[in-house]
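Below you'll find the structure, written out as structure tokens, and then a few comments.
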Amino acid sequence: MTFRFATEADCPLILSFIRQLAAYERMSDQVVATEELLQEWIFGKQKAEVMFACDGGHEVGFALFFHNFSTFLGRAGIYLEDLFVLPEYRNKGYGKALLKKLAQITVERGCGRLEWSCLDWNKPSIDFYLSLGAAQMDDWTTYRLTEAALEEMAR
């Protein structure tokens with residue numbers, strides 16, 4: 001197993017992983033990302049990073065992440081937006097290895113924490129995260145403004 005960071009040439013592959021994750025999460029209808037948008041925001045504006053887990057040179061999983069900031073800690077953290085392993089490679093340690101590599105990056109960069117969200121119905125992933133020692137943040141609820149509500153708030 002090896003890891004590599006994505007390059008601009010990987011935009012089609014990144015989009016493929018995003019679409020497969022969306023299908024798994026029953027959210028395919030919400031994917032509006034394009035290769036051009038990924039190129040602009042990940043590589044042009046450098047707003048996120050993508051790392052692949054590889055088996056024999058073949059990408060079998062990916063993690064998309066970016067820095068956030070904790071005012072309480074006074075330093076940055078890393079937020080894992082997406083983690084996905086191809087179905088035929090699950091339960092073989094790739095997901096754990098991606099998280100371990102991301103934890104190493106978090107520590108190497110001096111960040112204070114690594115966080116992510118998980119859908120409430122996704123029991124296999126929740127059990128996996130808990131088995132790694134991750135703490136479930138029961139006291140917090142995520143809020144989001146999108147589309148018309150976001151436009152209205154911006155006015």
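Can you name every residue in region 8-29 that is within 16 Å of Val60 (Cα to Cα) and in contact (Cβ under 8 Å) with a residue 12 or more places away in the chain?
Asp10, Cys11, Pro12, Leu13, Ile14, Leu15, Phe17, Ile18, Arg19, Gln20, Leu21, Tyr24
Please enumerate the residues belonging to region 113-141 that are closer than 15 Å to Leu102 by Cα, out of contact with any Phe, Trp or Tyr (no Cβ under 6 Å at 6 or more places or on another chain) and of a type in the set (D, E, K, R).
Arg113
Filter region 66-101 for residues that are of a type in the set (S, T, N, Q) and in contact with a strand residue (DSSP E or B) (Cβ under 8 Å, 6 or more places away or on another chain); which is nearest to Ala53 (Cα to Cα)? Even if it seems obvious, please write down each step before you answer.
Initially, region 66-101 is screened for residues of a type in the set (S, T, N, Q), giving 68, 70-71, 91.
Now narrow it down to the ones that are in contact with a strand residue (DSSP E or B) (Cβ under 8 Å, 6 or more places away or on another chain): 68, 70.
Numbers: Asn68: 23, Ser70: 28 Å.
Looking at residues that are of a type in the set (S, T, N, Q) and in contact with a strand residue (DSSP E or B) (Cβ under 8 Å, 6 or more places away or on another chain), I get Asn68.
Results for (1) touching a Gly at 6+ places or on another chain (Cβ under 6 Å); (2) of a type in the set (Asp, Glu); (3) at pLDDT 95 or above, shown as yes or no for each residue.
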| residue | (1), (2), (3) |
| --- | --- |
| Phe65 | no, no, yes |
| Leu80 | no, no, yes |
| Val85 | yes, no, yes |
| Glu88 | no, yes, yes |
| Asn91 | no, no, no |
| Lys96 | no, no, yes |
| Thr106 | no, no, yes |
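Would you mind finding the one in Ala33, Ala22 that is assigned to a loop (DSSP other than H, G, I, E, B) and under 22 Å from Glu147 (Cα atoms)?
Values: Ala22 fails: assigned to a loop (DSSP other than H, G, I, E, B).
Ala33 is the lone residue from the list that is assigned to a loop (DSSP other than H, G, I, E, B) and under 22 Å from Glu147 (Cα atoms).
Name the residue that is farthest from the chain's Cα centre (by Cα), counting only residues in region 66-94 that are farther than 17 Å from Leu132 by Cα, small (Gly, Ala, Ser) and exposed (fewer than 15 other Cβ atoms within 10 Å of the Cβ).
For region 66-94, the residue satisfying everything is Gly74.
Kindly indicate the residue of region 1-17 that is assigned to a helix (DSSP H, G or I) and in contact with a helix residue (DSSP H, G or I) (Cβ under 8 Å, 6 or more places away or on another chain) and also farthest from Thr146 (Cα to Cα) among those meeting that condition. Let's see the steps before the verdict.
Within region 1-17, the first condition is being assigned to a helix (DSSP H, G or I), and the residues that meet it are 8-17.
From the residues that got through so far, the ones that are in contact with a helix residue (DSSP H, G or I) (Cβ under 8 Å, 6 or more places away or on another chain) too are 8, 11-12, 14-15.
On the way: Glu8: 27, Cys11: 24, Pro12: 25, Ile14: 23, Leu15: 21 Å.
Filtering region 1-17 for residues that are assigned to a helix (DSSP H, G or I) and in contact with a helix residue (DSSP H, G or I) (Cβ under 8 Å, 6 or more places away or on another chain), the one farthest from Thr146 (Cα to Cα) comes out as Glu8.
Does Gly61 satisfy being in a helix (DSSP H, G or I) and touching a strand residue (DSSP E or B) at 6+ places or on another chain (Cβ under 6 Å)? Explain how you work it out, then say what you get.
Numbers: in a helix (DSSP H, G or I): no; touching a strand residue (DSSP E or B) at 6+ places or on another chain (Cβ under 6 Å): yes.
No; evaluated as a whole, the condition is false for this residue.
Across region 36-58, which residue is surrounded by the most Cβ atoms within 10 Å (Cβ to Cβ) among those that are within 16 Å of the chain's Cα centre (by Cα) and assigned to a loop (DSSP other than H, G, I, E, B)?
Ala48
Among what's in region 95-131 and is part of a loop (DSSP other than H, G, I, E, B) and either small (Gly, Ala, Ser) or farther than 22 Å from Tyr24 by Cβ (or both), pick the residue that is farthest from the chain's Cα centre (by Cα). Give the steps one after another, and end with the answer.
Taking region 95-131 as the starting set, the residues that turn out to be part of a loop (DSSP other than H, G, I, E, B) are 109-113, 117-122.
Still in the running and either small (Gly, Ala, Ser) or farther than 22 Å from Tyr24 by Cβ (or both): 109-113, 117.
On the way: Arg109: 17, Gly110: 19, Cys111: 17, Gly112: 17, Arg113: 15, Ser117: 9 Å.
Only one residue fits best here, namely Gly110.
The values are calculated or read from the model by the stated rules, or taken from the named source; none is laboratory data. Quick caveat, the model's predicted, so the values are computed rather than measured. No Cβ is skipped: glycine too gets one built from the backbone with ideal geometry, and neighbour counts run over all protein chains shown.
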